[in-house]
Amino acid sequence: MSTPEHTSRIGHSGQSTGSPVPRRSGSVVVSSATATRTTRAVTWAGWHLGELAGVFVPIGLGAVWWEGFYAISVLAALGWAAHEVRARTRRGPSTKDRTGST
């Protein structure tokens with residue numbers, strides 16, 4: 001028994017029909033228009049787990065070893081807040097903000 005010969009297809013995403021679907025890799029950013037729900041969920045979880053770890057791990061280390069870790073936690077929290085503000089200003093107002101009161 002033999003396996004079929006591999007045929008190279010540039011941009012092939014593993015799907016047998018249709019056009020190739022762009023995939024997320026380390027150097028390629030998927031736009032929100034082409035991202036799947038799974039990609040969005042994984043990206044959201046990755047960012048928020050990293051942000052929470054950046055704040056709470058130094059707090060734990062500061063409680064146990066050295067109080068200077070509290071400053072690292074504050075810097076991580078400020079970085080997190082700056083990222084959220086920058087992301088919000090790029091997106092514009094949310095749909096809740098756009099609807100007028102009646």
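The values are calculated or read from the model by the stated rules, or taken from the named source; none is laboratory data. Predicted model, so just to flag it, every value in this text is computed and none were measured. Please note: Cβ atoms are built from the backbone with ideal geometry, for glycine as well, and neighbour counts cover all protein chains shown. All accessible areas refer to the heavy atoms of the entire protein, side chains included, with ligands and DNA or RNA removed. Shrake-Rupley method; radii C 1.70, N 1.55, O 1.52, S 1.80 Å.
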Item checked: Top-ranked residue in region 43-64 [being farther than 18 Å from residue 83 by Cβ and among the β-branched types (Val, Ile, Thr); ranked as most open to solvent (accessible area, probe 1.4 Å)] -> 64
Next item on the list: For residues that are outside any helix (DSSP H, G or I), under 27 Å from residue 90 (Cβ atoms) and at pLDDT below 85, tally how many sit in region 17-75.
Entry: 15
